[in-house]
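A.B. asks: Could you have a look at this structure, given as structure tokens, before my questions?
The values are calculated or read from the model by the stated rules, or taken from the named source; none is laboratory data. Model, not experiment: these values are computed from the prediction. Every residue, glycine among them, receives a Cβ derived from its backbone with ideal geometry; neighbour counts consider all protein chains shown. The accessibility values were calculated without ligands, DNA or RNA, using every heavy atom of the protein model including side chains. Shrake-Rupley method; radii C 1.70, N 1.55, O 1.52, S 1.80 Å.
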Amino acid sequence: MSTSRIFSQYSKLPPIRKPHNNNDTKRLSLECSEGQVTALFDLYKNDEDCIDEEGIVKFCNDLGVKPDDFIVLVLAWKFNAELMGRFTRTEFVSGCKAIQAHSIKWIQSKFPLLLAEVQNRQTFKEFYRWSYKFCLTVEPGQRTLSTEVAIQMWTIVFSQREPPILPRWFRFLERHESIRGIPKDTWDMFLPFTEQVRLDLTNYDESEAWPSLLDDFVEYESDLHNQNVQMQE
Amino acid sequence: MSMNKGKKETNKMRIRAFPMTMDQKYVDNIWALLKNAIQEIQKKNNSGLSFEELYRNAYTMVLHKHGEKLYTGLREVVTDHLVNKIREDVVESLNNNFLQTLNSAWNDHQTSMVMIRDILMYMDRVYVQQNTVDNVYNLGLMIFRDQVTRYPNIRDHLQQTLLDMVARERKGEVVDRGAVKNACQMLMVLGIESRTVYEEDFERPFLDQSGEFYRRESQKFLEENSASVYINKVEARINEEAERARHYLDNSTEDPIVKVLEDELISKHMKTIVEMENSGVVHMLKHNKTEDLACMYKLFIRVPQGLKTMCDCISAYLREEGKALVQDEGSKNAITYIQSLLDLKDRFDHFLHQSFSEDRQFKQMVSGDFEFFINLNQKSPEYLSLFVDDKLKKGVKGMSEQEIENVLDKCMVLFRFLQEKDVFERYYKQHLAKRLLLNKSVSDDSEKNMISKLKTECGCQFTSKLEGMFKDMTVSTITMDEFKGHLQTSGTNLHGVDLFVRVLTTGFWPTQSATPKCNIPTAPRMAFEAFRRFYLAKHSGRQLSLQPQLGSADLNATFFGTKKDDVDASGASSAPKGGPRKHIIQVSTFQMCVLMLFNNRDKWTYEEMKSETDIPEKDLMRAVQSLALGKMTQRILVKEPKTKEIESDHTLVVNDQFTSKLFRVKIQTVAAKGESEPERKETRSKVDEDRKHEIEAAIVRIMKARKKLQHNILIAEVTEQLKVRFLPSPVVIKKRIEGLIEREYLARTPEDRKIYTYVA
């Protein structure tokens, strides 16, 4: 997914207003938004005073995004959502306050800001690690993410800035059915792997305590490479 | 002396100074006297001279400050004599008696110089000291050296003569050793405070020539193409040269000349000798040439890398032999396998002792090699256990207790080489259990002895369970006594079954994967139930389960048929002679179940047996095979058709023709060749399971103590801790670490993913 596609949807966004250093306005806008936020929540809530999956679909629709879009995940993170596919009242309300938005249009206007925020390396790292735990919550009691779901998550999470190694990583996972899911440690360590190891994998050092699945991946890639070299020769 | 008229003389004493001046003529006279004396001495005409007079004259000269004249004069006289007389003589004798002439000239010179020195001793002590010139004797030496010995003609000829003589002696001729010795001594002395003269004029060219000579010798020796001959010749030559140096060269030459030989004869050809076809080290090892090896060892130890060259060659050979032994599939059973390894070790221990004086480098090499190839075969631990099992069983033929002890000690040596000691332990437990339960141990003492050996090697962890096994045996005996008492008092009837039960504590004994099923026939089953009631009454809360794969039974058997020999020639059998034959048959539990079927029915198919007894296929097959397909004296059952395989529809009947010389017949079960492949796989997977736990336990233990540790260091520590049992690979350890991270025992530190912390 390229960034241009995300941004193209928002070409008609209203201009971002600079924050006025005016206490009154602030207080006013706060009070206004509290009420509006609650009202917004009520639009999507269900009988149990929660926004469930159905509600989220509607919410996304109104926002002009798909539920599996990157920005939605970022929103969930900003909202501190506990479970995937659900926003509680508290999460929604304090979340909206946190991003200082009280309406669909306002939320939409915050998208570029959020995307920029998550580009910061440290922030992205926290977001990235959080995503794993968040994704696990789909099935309670599950400890490890299945490979299939992990690939989907990686696709979403890296949609803004895809590490070049990603397709080869996916190919490796898909070709090895014996891999029984992705443990948290492997997920976590994949990010520094993309940052530190070169695309040709030449600076990979097995003795550097990488998870063993990454060892297997590098070995697999190097075998492939040798085969290709032999064939070319 | 004039008198002083008119003056009175004072009483003072005045010491009149010695007349300081001596007129020139007087001095010249003294010198002439001395010069003459010196010349007489040089002509060996000293008998008419007065030592005292000459000494006094010399003294006088020096006292009056004419030491220089004396010294110079001395030098002239000596030089003159040596140049004009002595040297001439020597030069003349160049081709005729040269050494003798030179030698006697030297001796004469020494003698005369001593005398001259004695006369001029005052000059030595005073003039020489004050003017730091050479003393009289040394002066004489120097003049002799420069004017005679080092006179070009003489010098060269001397060198040539000496070298010639050495060369001739090396060829085997007899030469005048005394002459050479004298010459060498002369050269040594002429060096005054050093050995430079000897070195330059003789030793260096001598060493060069020797180097040349031995270079050629080595080629000659090599042409003989026999390492043994070569090294013996080298040894002889070294001894010869050393002795030569000691006897008639100078002692100090011994080391350098030996070094030349070592260089030319050994260092330069080490590898060639060691690797020589059909005579080198390998040949010597193959043909047990301990003396040759010892000789080679003593030679090669002299040169750097000598022993290493030998070691490398021996190691390669040993590894080849060892590899061949362990990789020889098919023909070996466990006993011969281990025995051949023990024999190989004995062979090399013998070499170590006889040829290599227990050299540490060689010992380490042998150990390293054994460790290398014994672990090439994964079955080594199992086979070693079977071998020990064989020695601890009853009926070990022809070995005294001491011999068995020795063999077991040697087995421990092999044990130390095993990398997978935990596999050995597992098999040892299994085999020990069998021995105890089937009552096959030679003695409790030898068992306990072996266990203490293992304890010394492996620690208590291993042996504690084994000791538990012994305890169970003792307790069972007591329990049985109590049971017997109980039977009497309660009057319980066991239906003619004489029962003996051993109760095994589950944790101590090796477990099967699952207790095999088995339908026990009524009588024994009831008897066992009686015991079970008795036991559980005593120990409520426990569970007893019968283990049919262990255990044995003695059956009373009656055979009604004729003996085979009684069938007469026509083939028809005559009336049974001698009545039915009774025997007691000793069988396993499974076999008992099979045989007791024939109390109900005469004929059974294999399939029927299977469904009636419910015994697992593998065990039933083995049981029936031993009963129906063994030797004639073991054949209790007869199978139709008489093939070697047992199929489901084959029928079995009792062999009424059965005979045996023994009343009590023991039916052997098919011999334990070690495990079958599936059994082995199962054992191995159990071992792997255990190892996973042991690795994790080690990781947790280490991390708990260290709190924070780097990845590589952790791997190293875990390997170190576990290596007495097995060698874990870093990959496996890493996977265990990941498992522990997953279960939140460990975590990576945020700053550095290569460092782990312990999560309390």
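A.B. asks: When you look at A:S159, is it among the hydroxyl-bearing types (S, T, Y) and open to solvent by less than 20 Å² (accessible area, probe 1.4 Å), yes or no?
C.D. replies: yes
A.B. asks: In the list B:R502, B:R542, B:R525, which residue meets the criterion of being surrounded by 13 or more Cβ atoms within 10 Å (Cβ to Cβ) and without any contact (Cβ under 8 Å) to a residue 24 or more places away in the chain?
C.D. replies: B:R525
A.B. asks: While we're on this one: Specify the residue that is farthest from B:M61 (Cα to Cα); the eligible residues are those in segment B:11-33 that are among the β-branched types (V, I, T) and at pLDDT below 80.
C.D. replies: Ranking the candidates gives B:I15 first.
A.B. asks: Okay, moving on. Report, by residue number, each residue of segment A:45-60 that is over 18 Å from A:I71 (Cα atoms) and of a type in the set (A, V, I, L, M, F, W, C).
C.D. replies: The answer is A:C50, and nothing else.
A.B. asks: Another question, then. Only residues in segment B:710-726 that are within 14 Å of chain A (Cβ to nearest Cβ) and among the polar types (S, T, N, Q) count as the first member; pair them with residues that are part of a helix (DSSP H, G or I) and open to solvent by less than 70 Å² (accessible area, probe 1.4 Å), Cβ under 6 angstrom, at least 6 apart or cross-chain, and list the lot.
C.D. replies: Listed pairs, sorted by first residue: B:N712/A:S207.
A.B. asks: Does segment B:317-338 contain at least one residue that is modelled with pLDDT under 90 and in contact with a Gly (Cβ under 6 Å, 6 or more places away or on another chain)?
C.D. replies: Scanning segment B:317-338, I find at least one residue that is modelled with pLDDT under 90 and in contact with a Gly (Cβ under 6 Å, 6 or more places away or on another chain), so the answer is yes.
A.B. asks: Picking from B:N278, B:N225, B:N232, B:N251, which residue would you name as being open to solvent by 10 Å² or more (accessible area, probe 1.4 Å) and touching a residue at least 60 places away in the same chain (Cβ under 8 Å)?
C.D. replies: After ruling out the rest, the residue left standing is B:N232.
A.B. asks: A further question follows. Specify the residue that is farthest from the chain's Cα centre (by Cα); the eligible residues are those in segment B:716-747 that are surrounded by fewer than 18 Cβ atoms within 10 Å (Cβ to Cβ) and among the basic types (K, R).
C.D. replies: B:R743
A.B. asks: Quick check on B:L550: is it assigned to a strand (DSSP E or B), among the aliphatic types (A, V, I, L, M), in contact (Cβ under 8 Å) with a residue 24 or more places away in the chain and within 24 Å of B:I585 (Cβ to Cβ)?
C.D. replies: Spelling it out, it is not the case that B:L550 is assigned to a strand (DSSP E or B), among the aliphatic types (A, V, I, L, M), in contact (Cβ under 8 Å) with a residue 24 or more places away in the chain and within 24 Å of B:I585 (Cβ to Cβ).
A.B. asks: If you don't mind, there's one more thing I want to ask. Can you pull out the helices (runs of 4 or more DSSP H) entirely within segment B:77-155 that have at least 3 residues that are under 20 Å from B:R56 (Cα atoms) and open to solvent by 40 Å² or more (accessible area, probe 1.4 Å)?
C.D. replies: Ranges flagged: B:98-119.
A.B. asks: So, one more: List the number of the failed condition for B:R680; all other conditions in (1) open to solvent by 60 Å² or more (accessible area, probe 1.4 Å); (2) more than 14 Å from every other protein chain (Cβ to nearest Cβ) hold.
C.D. replies: Only one criterion is unmet by B:R680, namely (1).
A.B. asks: Filter segment B:165-214 for residues that are within 17 Å of B:V258 (Cβ to Cβ), of a type in the set (D, E) and either touching a residue at least 24 places away in the same chain (Cβ under 8 Å) or not in a helix (DSSP H, G or I) (or both) and give the result.
C.D. replies: Listed by number, the residues that qualify are B:E169, B:E203.
A.B. asks: Tell me yes or no: at least one residue of segment A:216-231 is more than 28 Å from A:R86 (Cα to Cα), of a type outside the set (A, V, I, L, M, F, W, C) and within 14 Å of chain B (Cβ to nearest Cβ).
C.D. replies: Yes, there is a match, as at least one residue in segment A:216-231 is more than 28 Å from A:R86 (Cα to Cα), of a type outside the set (A, V, I, L, M, F, W, C) and within 14 Å of chain B (Cβ to nearest Cβ).
A.B. asks: Hey, B:K707 hits all of (1) at positive phi; (2) within 14 Å of another protein chain (Cβ to nearest Cβ) but one; which does it fall short on?
C.D. replies: Among (1) at positive phi; (2) within 14 Å of another protein chain (Cβ to nearest Cβ), B:K707 violates only (2).
A.B. asks: Kindly provide the set of residues from segment B:604-625 that are part of a helix (DSSP H, G or I) and open to solvent by 10 Å² or more (accessible area, probe 1.4 Å), ordered by number.
C.D. replies: B:E607, B:E608, B:K610, B:S611, B:E612, B:E617, B:K618, B:D619, B:M621, B:R622, B:Q625
A.B. asks: Return only the number of the condition from (1) more than 30 Å from B:M310 (Cβ to Cβ); (2) open to solvent by less than 40 Å² (accessible area, probe 1.4 Å) that B:E405 does not satisfy.
C.D. replies: (2)
A.B. asks: I'd like to check something: does segment A:84-100 contain any residue that is closer than 30 Å to A:F217 by Cα and open to solvent by less than 40 Å² (accessible area, probe 1.4 Å)?
C.D. replies: No; the residues of segment A:84-100 include none that is closer than 30 Å to A:F217 by Cα and open to solvent by less than 40 Å² (accessible area, probe 1.4 Å).
A.B. asks: Criterion first (more than 14 Å from chain B (Cβ to nearest Cβ) and touching a strand residue (DSSP E or B) at 6+ places or on another chain (Cβ under 9 Å)) does A:M153 satisfy it?
C.D. replies: Against the criterion (more than 14 Å from chain B (Cβ to nearest Cβ) and touching a strand residue (DSSP E or B) at 6+ places or on another chain (Cβ under 9 Å)), A:M153 qualifies.
A.B. asks: Further question on the same structure: Pairs under 8 Å by beta carbon, first residue at the interface with chain A (Cβ under 7 Å from one of its Cβ atoms) in segment B:734-752, partner open to solvent by less than 40 Å² (accessible area, probe 1.4 Å) and in a strand (DSSP E or B), six or more apart or different chains?
C.D. replies: What qualifies is B:I741/B:A747; B:I741/B:R748; B:I741/B:Y756.
A.B. asks: Need the failing condition index for B:V90 against (1) at pLDDT 90 or above; (2) over 60 Å from the mean Cα position of the chain (by Cα), just the number.
C.D. replies: (1)
A.B. asks: Of these, A:W210, A:W169, which one is within 12 Å of chain B (Cβ to nearest Cβ) and among the aromatic types (F, W, Y)?
C.D. replies: It is A:W210.
A.B. asks: Looking at B:L162, B:L70, which is the one that is farther than 24 Å from B:N29 by Cα, open to solvent by less than 10 Å² (accessible area, probe 1.4 Å) and in a helix (DSSP H, G or I)?
C.D. replies: When all the criteria are applied, what remains is B:L162.
A.B. asks: Answer with yes or no whether A:A76 is free of Cβ contacts under 8 Å to residues at least 24 places away in the same chain and either hydrophobic (A, V, I, L, M, F, W, C) or open to solvent by less than 20 Å² (accessible area, probe 1.4 Å) (or both).
C.D. replies: The answer is no for A:A76.
A.B. asks: Looking for something part of a helix (DSSP H, G or I), open to solvent by 30 Å² or more (accessible area, probe 1.4 Å) and within 14 Å of chain B (Cβ to nearest Cβ) - is there at least one such residue anywhere in segment A:108-115?
C.D. replies: Within segment A:108-115 (the criterion being part of a helix (DSSP H, G or I), open to solvent by 30 Å² or more (accessible area, probe 1.4 Å) and within 14 Å of chain B (Cβ to nearest Cβ)), the answer is no, since none of the residues qualifies.
A.B. asks: Let me confirm something: among A:E195, A:E139, A:E148, A:E177, which residue is out of contact with any helix residue (DSSP H, G or I) (no Cβ under 7 Å at 6 or more places or on another chain), exposed (fewer than 14 other Cβ atoms within 10 Å of the Cβ) and within 14 Å of chain B (Cβ to nearest Cβ)?
C.D. replies: Of A:E195, A:E139, A:E148, A:E177, the one residue that is out of contact with any helix residue (DSSP H, G or I) (no Cβ under 7 Å at 6 or more places or on another chain), exposed (fewer than 14 other Cβ atoms within 10 Å of the Cβ) and within 14 Å of chain B (Cβ to nearest Cβ) is A:E195.
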